[in-house]
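So the structure is just underneath, and the comments pick up after that.
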Amino acid sequence: MVFDVSKLRTSSKDKMRKLKFPEKLTLELAEDIGIMVGDGHIGSFHKGGANNTIEVAGNMVTDKLYHSNHISGLKQRLFGLPCYFSLRPEIHTCKLRIYSKGIVEFYSRIILLPTGKKKEIHVPKIIMESNNEIKKAFLRGLGDTDFTFSFKKRHKSFLYYPSIKLGTESKNLIMDCKSILEDVGFKPVTACDMVVIHTKTKKPFTTHQLFLYGKENYEKWVREIGFSNPKNWLKYRLWKENGFCPPNAEIEKMMSEPGGI
């Protein structure tokens with residue numbers, strides 16, 4: 001598929017900075033789309049009018065290298081524009097941001113990602129209808145941003161049993177991910193329409209979840225999909241070396257120290 005970008009609106013700044021658009025769906029673009037479906041945000045607004053912005057947010061410690069190195073480089077290769085990286089210690093968050101009318105147009109009109117809230121987001125049709133390698137690249141981007149790769153105690157006293165989880169308010173996303181995971185040979189389990197209490201607000205909300213349990217699923221993910229986020233590689237390496245993985249608080253402490261990865 002070759003993208004028709006001839007009718008996309010761009011700003012004078014886009015032209016001055018020599019914005020470019022991907023010409024077709026590649027593995028890199030598929031991973032980037034997964035990132036945007038996960039922790040991305042497209043198009044914010046303020047009182048003075050539209051502020052065409054692309055953002056990706058993450059944990060200030062465990063996602064810092066992933067954002068500042070991998071995602072930043074990926075977007076620059078795709079669009080030719082620099083990303084602005086910032087830390088928000090008051091909310092323990094890091095953010096990547098690009099100001100570009102043209103990129104907002106590309107994601108919303110070519111990829112068909114929603115601007116603003118993502119409550120009913122789907123996996124984009126161009127991913128759903130692509131080959132398995134494209135689907136795996138998409139899953140890598142979504143996995144590194146929105147999946148949780150953790151370990152459970154189960155019948156032992158330490159965290160040894162792998163669990164891969166996606167939790168979201170979009171039931172559409174859960175069912176689409178279930179479909180593409182099955183396409184590439186996984187057997188996911190889903191639990192939809194669950195009413196739970198939010199850990200911060202203490203208010204009930206409805207969530208939908210998808211799980212991949214056990215060593216076989218975890219090793220298959222590493223072998224066939226992989227990670228671009230150093231945090232997830234660190235967890236995997238510790239688990240392989242020691243037979244268990246420390247809790248997330250210890251992972252964050254390790255990554256906050258020089259040479260932690």
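Among the candidates GLU23, GLU90, which residue alone is on the phi < 0 side of the Ramachandran plot and out of contact with any strand residue (DSSP E or B) (no Cβ under 8 Å at 6 or more places or on another chain)? Before the answer, list the steps.
Values: GLU23 fails: out of contact with any strand residue (DSSP E or B) (no Cβ under 8 Å at 6 or more places or on another chain).
The unique qualifying residue is GLU90.
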For this session: Sort through ILE134, ILE91, ILE127, ILE103 and tell me the only one that's among the aliphatic types (A, V, I, L, M), at pLDDT below 95 and out of contact with any Leu (no Cβ under 6 Å at 6 or more places or on another chain).
Result: ILE91
Problem set entry | Condition broken by THR53, with the remaining ones in (1) touching a Lys or Arg at 6+ places or on another chain (Cβ under 7 Å); (2) in a strand (DSSP E or B); (3) touching a residue at least 12 places away in the same chain (Cβ under 8 Å); (4) within 26 Å of GLU257 (Cα to Cα) satisfied | (4)
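Quick one: which residue in LYS178, LYS220, LYS187, LYS165 is touching a helix residue (DSSP H, G or I) at 6+ places or on another chain (Cβ under 8 Å), basic (Lys, Arg) and either closer than 22 Å to ASN132 by Cβ or at pLDDT 95 or above (or both)? Explain how you work it out, then say what you get.
Working: LYS178 fails: touching a helix residue (DSSP H, G or I) at 6+ places or on another chain (Cβ under 8 Å); LYS220 fails: touching a helix residue (DSSP H, G or I) at 6+ places or on another chain (Cβ under 8 Å); LYS165 fails: touching a helix residue (DSSP H, G or I) at 6+ places or on another chain (Cβ under 8 Å).
Just a single option satisfies the conditions, and that option is LYS187.
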Exercise. Restricting the search to segment 82-106, which residues are over 30 Å from SER150 (Cβ atoms) and either in contact with an Asp or Glu (Cβ under 6 Å, 6 or more places away or on another chain) or buried (at least 20 other Cβ atoms within 10 Å of the Cβ) (or both)?
Worked result: ILE98, SER100, LYS101, GLY102, ILE103, VAL104, GLU105, PHE106
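Do we find that PRO188 is surrounded by 17 or more Cβ atoms within 10 Å (Cβ to Cβ) and in contact (Cβ under 8 Å) with a residue 40 or more places away in the chain in this structure? Quick ask: steps written out before the conclusion?
On the way: surrounded by 17 or more Cβ atoms within 10 Å (Cβ to Cβ): yes; in contact (Cβ under 8 Å) with a residue 40 or more places away in the chain: no.
So PRO188 does not fit the description; no.
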Seminar exercise, completed: Of (1) part of a loop (DSSP other than H, G, I, E, B); (2) within 30 Å of ASN52 (Cβ to Cβ), GLY185 satisfies every one except (2)
Seminar exercise, completed: Here the residues within segment 111-143 that are of a type in the set (A, V, I, L, M) and buried (at least 18 other Cβ atoms within 10 Å of the Cβ) are ILE111, LEU113, ILE121, VAL123, ILE126, ILE127, ILE134, ALA137, LEU139, LEU142
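Please tell me if GLU31 is under 14 Å from THR145 (Cβ atoms), modelled with pLDDT of 95 or more and assigned to a strand (DSSP E or B).
Values: under 14 Å from THR145 (Cβ atoms): yes; modelled with pLDDT of 95 or more: yes; assigned to a strand (DSSP E or B): no.
Here the answer is no, as GLU31 does not meet what is asked.
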Exercise. What do you reckon, is VAL61 buried (at least 18 other Cβ atoms within 10 Å of the Cβ), at negative phi and over 15 Å from the mean Cα position of the chain (by Cα)?
Worked result: yes
Seminar exercise, completed: THR115 fails exactly one of (1) outside any loop (DSSP other than H, G, I, E, B); (2) touching a residue at least 24 places away in the same chain (Cβ under 8 Å), namely (1)
For this session: Among the residues of segment 221-261, write down those that are surrounded by 15 or more Cβ atoms within 10 Å (Cβ to Cβ), among the charged types (D, E, K, R) and within 23 Å of ALA137 (Cα to Cα).
Result: GLU224, LYS231, LYS235
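Provide a single number: the residues in segment 159-178 that are more than 18 Å from ASP39 (Cβ to Cβ) and touching a residue at least 24 places away in the same chain (Cβ under 8 Å). Reasoning before the result, please.
Applying the first criterion (more than 18 Å from ASP39 (Cβ to Cβ)) to segment 159-178 yields 159-163, 171, 175, 178.
Next, from what is left, pick out any that are touching a residue at least 24 places away in the same chain (Cβ under 8 Å): 159-163, 171, 178.
Residues in segment 159-178 being more than 18 Å from ASP39 (Cβ to Cβ) and touching a residue at least 24 places away in the same chain (Cβ under 8 Å): 7 in total.
The values are calculated or read from the model by the stated rules, or taken from the named source; none is laboratory data. Treat the numbers as computed from the prediction; the structure is a model and nothing was measured. Using ideal geometry, Cβ is built from the backbone for each residue, glycine included, and neighbour counts are taken over all protein chains shown.
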